[in-house]
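Here's the structure, in structure tokens; my notes come after.
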Amino acid sequence: MINAAPEMLMLAALVIPLVAAVGIPLFHSVPAMREGVTIGAALALFLVVISLAPAVLAGARPELFDLEIVEGVSIGFKVEPLGMLFALVAGSLWIVNSVYSIGYMRGNNEPRQTTFYLCFAIAIFATIALAFSKNLLTLFLFYELLTISTYPLVTHKANADAREGGRTYMLLLLGTSMGLLLPAILITYGLAGTLTFQAGGILPDTAEPWTLSILLALFIFGIGKAAVMPFHFWLPSAMVAPTPVSALLHAVAVVKAGVFTVLKVIVYIFGLETLTTSQINEPLIYFVAFCLIAASVVALTKDNLKARLAYSTVSQLAYIVLAALLATSVSVVGGGLHIAMHAAGKITLFFCAGAIYTALHKTEISDLDGIGRLMPVTMTAFLIGSLSIIGLPPFGGTWSKWFIGMGALDAGYVFVVAVLMISSILNVVYLLPIVARAFFRPLPGVADGEPVAIKEAPLACVVPLSLTAGACLVLFFTAEPIAELIEAALPVAGGGETPSGAAGAAGEQPTAATGGGS
Amino acid sequence: MSAEALPTAPFVLADHLPVLPIIVPLIGAAIAALMPRGWLAWAVATVSSVLVAILSVLLLLQVQETGTISYALGGWEPPLGIEYRVDTLNAFVLMIVGAIGAVIMLYALESVPQDVRPRQQPFFYAIYLLCLCGLLGMAVTGDAFNIFVFMEISSLATYVLIAMGRDKRALLAAYQYLIMGTIGATFYVLGIGLLYTVTGTLNLADIAGRIAEAYQVYPRAIIAALAFVIVGISLKLALFPLHVWLPNAYTFAPPFATVFLAATATKVAVYILLRMYFDVFGPAVSVEALPVTQAIMILALIAMFAASFLAFYENRVERMLAYSSVAQVGYIMLGMALANESGLTGGIVHLFNHAISKAALFLAIGAVVFRLGHTRMEELAGVGRRMPITMAAFVVGGLSIIGVPGTAGFVSKWNLAMGAIENGTPFLVFLIMASSIIAVLYVGRFIEVAYFRAPTGDCETARDPGLTMLLPTLLMAAAVIYFGFETTYSADLARDAARALIGGSQG
């Protein structure tokens, strides 16, 4: 823990990835130093964000910079609880991912590693800056920087597939953000005269409901990173990237930047009360619930492991968008929790997919027969990650799904609970057979009972995936402080009955569970 | 020289600040033409350009401090004599032209000798300075006929500059522009003639004062004058569909000339149109009499889409950028057509933002031409890996053309879009953004070729050019990012200018 003013910590969190971005190319010819810079920066960043969290939890809202770029709107940063949570998730997973990247990139002899680490550091910078954005314009700036800085990562292999995937990635993300999100931001500015995030929202009560519903739709579809159908294609396309990129960026940083933006817009631009009283969220709730199921069904049909995980991500992101749209305190807590829970679970699964590729060069699920005997650690971690995604105790994913379900009941959408249950069943159907195949089917060419030598990926791959699998377990018991952090983002003394009651429920549930679990 | 030094500077010089940016390149041109060696002429041109840049910045500072400056040329008081009249708007345009002219001179040192034979170099620089002088003169003068004179100086010089290109087709391109440019200038002077007939004056401020009265008597003459002036200048600024001269001119001119023209020439023409429409005709001619803004808005929208598509299907990179310029002129004219504060701010600031973005792009492509001598897209495979610094500047410029936040282009588009919302036409926001997405396509297309194909042919051995070419390129790219965040000297000035224009047309 570092003892320093929150403003200093905040500045440090923003500067550290940038320093790494300068240092990495400097050590282009000394790979050991270059990777040292990445790991060092990741550790420093983690230390900084973890030190910043208690202050934010205690109510500090440090601010930095105020640079007016167009009349009335400036670039500036301010840490609030949701952003703090996102920075924590991204900051802590950067460490494990860096270790993993080194194992993966070296294990596969990937070219252009300096560019890879450089773009990675810039992407992390964009993520932290996005998390700390004070207003929508700043957020938009770093949203686009995140797209652009990850483009070279997606297209890292520089072959025809990569070019094709990169094209879809860039066009869909830039297209939705410029074609829908930016107009939404402009209209918001036109209506509210400000873009600064404020508890309770900034949109005036005088705005017509139909304007607000169009605006909400523009935001939900315009935030392409949240991968709401039909703008989800970029995510499977981005899977041409090396697996560490898929793991951190397309299970954590990029997609979570999307749903984080959705949460921010709903909580701080619209305000929960505006949504619930005007009912403009209703059509979108039905639509997103449909997407949630549909993406799971598509995942079922994919034989390529990373493609299946990608569609699983599309579906899991829909949980968070749905949680935001339900617009009750409990559901927003659930959505926020799911950012952390899904991150830990999905990064584990991607790490496993990459480890399988590094060790055995297998990418298709139908080729994975019996590999549990070759890679027991990896496949156990895969099981844990899957269980967390499905939402079974004692893993983190339990809590987020629980809260989203409670939130749906609160909001009076009983059918959402049914949707969540169907989806969990689908999760079981598309994730667990992979594990079953790995452990229970015979290894091709090897007789039953015959001993086989363990053939795991390099240690630098196995350790990170074990850590994140462990994190899925730990998160089950540490959900309470995270829930508290998210609650701090919500207006406490709201006029309605929902906030106080929900806060109570949200606070108690994890405590009770912790008691029961230990 | 600094702003504080002004009062102590010789009395005469400070007083004559408005005319100095014209005199310096004019004299410089004469000296440059007499130089025996190319590099000597280059030195003269560089000194003149840097002086012009300093002078135009000083002028801008002075206007900020004291408000509109009126300068009577030769001591003949306006409206009889020629008046140089500088307010925020044209000081801003002067600053754009001056700054671009100075920055790219370093680039000329290596770039020009590639296209121009040593014996012709002194003349090349002389012509360049004349072109500079003409453009600055158009911006600074407050006299309608004087605008025509300077327009002809700059146009004639431009024809020569284009014709100096090493490709034989440069001659044809110059000839094409000569015909079109002459038609444009003729239309303009016809319009001015009509105005003179009905108002009896050539001083812009004076015409503005009398035009309302004259309109009561000769409405048709004034409407005809407006139509002539607008069409004439639209030709010079390459408003779709009057743009056909531009792609060839930009493609075949020497790279140095292309950078200069692309960044400055159309911008000055836009300024003349703004001045004429808002300040001179504004008080008299209502939109009902001649729906100028509606017509321009439709043409601007067509330009934004049609030219962007043409850019996408273009195979030569310079020509792609040239079509992109036509599309960007569409944005600027859209700002004019919106005719409200934010829209005009967006249009005016885009004069500047587009100038620096396009300069960065053309400088980068000029460096590619310098190294490889060709710009067909399929022959540039892999150039991004071989010329990383040059192409990095290209990417920054391209992002600004797309309008990605954090670049200068975003500031323009934001203001334009706000203008569309203020105008009560939010659907225009979607059109603006849709056109930006086409920009993603054409910029992205070249980036894919440059980075994702293995280098072939002479691209394999290509490398970044020397410092004299890299520095201006990087400086422009840095400016694109700098002015994406710091807008005191771009958008704030543009807003002042826009306020003045709207005030002028209402008063």
- [ ] State, to one decimal in nm², a quarter of the convex hull surface area for the C-alpha atoms of the range A:1-82, i.e. the direction-averaged projected area.
- [x] 6.8
- [ ] Using the charge dipole of the protein assembly as shown (Lys, Arg: +1 at Cβ; Asp, Glu: -1 at Cβ; taken about the Cα centre), state which of A:Gly193, B:Pro219, B:Val244 has its Cα farthest towards the positive end.
- [x] B:Val244
- [ ] Find the centroid of the Cα atoms in the range B:205-275 and in the range A:3-35, then give the distance between the two in whole Å.
- [x] 51
Task: Sequence of A:Leu9, A:Leu64 once ranked by neighbouring C-beta atoms within 10 Å, starting from the fewest - done: A:Leu64, A:Leu9
Open item on the list: Run the helix sum for chain A: -39,500 (n - 2.57) per DSSP H stretch of 4+ residues, divided by residue count, reported at 222 nm to the nearest 500 deg cm²/dmol.
Closed with: -23500 deg cm²/dmol
- [ ] Please work out how much length the chain gains when fully extended from A:Leu409 to A:Ile50, using 0.36 nm per residue of separation minus the C-alpha to C-alpha distance, in nm with one decimal.
- [x] 125.9 nm
TODO: Report the label-to-label distance for A:Phe439 and A:His28 in nanometres (one decimal), using points 7 Å from each Cα along the Cα→Cβ vector.
DONE: 4.8
Open item on the list: Can you give the log10 of the normalised intensity I(q)/I(0) at q = 0.07, 0.10, 0.12 Å⁻¹, computed with Debye over equal Cα scatterers of chain B?
Closed with: -0.34, -0.71, -1.05
- [ ] Extending each Cα 7 Å along its Cβ direction at B:Tyr489 and A:Trp210, get the distance between those two points in nm, one decimal.
- [x] 4.9
Task: Point-to-point label distance, B:Arg119-B:Thr293, nm (Cα→Cβ direction, 7 Å offset) - done: 5.7
Task: Nearest-20 debye value, the range B:345-436 charge dipole, Cβ charges on Lys, Arg, Asp, Glu - done: 300
TODO: Percent of Cα-Cα pairs per 5 Å bin, from 0 to the last occupied bin, for the range B:314-390, please list those.
DONE: 4, 15, 21, 19, 13, 10, 8, 6, 3, 0
Task: Exposure proxy order (Cβ contacts within 10 Å, fewest to most) of A:Lys455, A:Lys264, A:Lys256, B:Lys267 - done: A:Lys455, A:Lys264, B:Lys267, A:Lys256
Open item on the list: Among B:Leu235, B:Leu431, B:Leu334, whose Cα projects farthest towards the positive end of the dipole of the protein assembly as shown, with charges put on the beta-carbon of Lys, Arg (+1) and Asp, Glu (-1)?
Closed with: B:Leu235
- [ ] For the protein assembly as shown, list log₁₀ I(q)/I(0) at each q in 0.06 Å⁻¹, using the Debye formula over Cα point scatterers of equal strength and ignoring solvent, two decimals each.
- [x] -0.49
- [ ] Quick one: what are the phi-derived ³J(HN,Hα) couplings along the range B:435-440, Karplus 6.51/-1.76/1.60 with θ = phi - 60°, whole Hz, x for glycine and proline?
- [x] 5, 4, 5, 5, 4, 4
Task: Base-10 log of normalised Debye intensity for the range A:340-472 (one unit scatterer per alpha-carbon) at q = 0.14, 0.19 Å⁻¹ - done: -0.65, -1.01
- [ ] Any chance you could get the radius of gyration and Dmax over the Cα atoms of the range A:37-181, in Å?
- [x] 16.9, 51
Task: Cα-only radius of gyration and Dmax that characterise the range B:50-91, units Å - done: 11.3, 33
Task: Linear extension gain, A:Asn109 paired with A:Ile425, 0.36 nm per residue minus alpha-carbon span - done: 109.9 nm
Task: Per-residue Cβ neighbour rank within 10 angstrom, fewest leading, A:Thr274, A:Thr206 - done: A:Thr206, A:Thr274
Task: Size of charge dipole - chain B - debye, nearest 20, with Cβ of Lys, Arg +1 and Asp, Glu -1, no other charges - done: 1320
Task: Computed over chain A: relative contact order in percent, which uses C-alpha pairs under 8 Å that are six or more apart - done: 15
Task: Helix A:459-477 axis, angle to chain A major axis (alpha carbon atoms, nearest 10°) - done: 40
Open item on the list: With unit charges on the beta carbons (Lys and Arg positive, Asp and Glu negative) and the dipole taken about the Cα centre of the protein assembly as shown, which residue among A:Ala55, B:Leu89, B:Asn353 sits farthest to the positive side?
Closed with: B:Asn353
Task: From phi via Karplus (6.51, -1.76, 1.60), per-residue ³J(HN,Hα) for the range B:153-160 in Hz, x at Gly/Pro - done: 4, 5, 5, 4, 4, 5, 4, 5
- [ ] Report, in debye and to the nearest 20, how large the dipole of the protein assembly as shown comes out about its Cα centre when Lys and Arg carry +1 and Asp and Glu carry -1 on their Cβ.
- [x] 2560
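Read-outs: derived from the displayed coordinates by stated rules, not from any lab. None of the values given here were measured: they were computed from a predicted structure. Cβ sites come from the backbone with ideal geometry, for glycine too, and all protein chains shown count toward neighbours.
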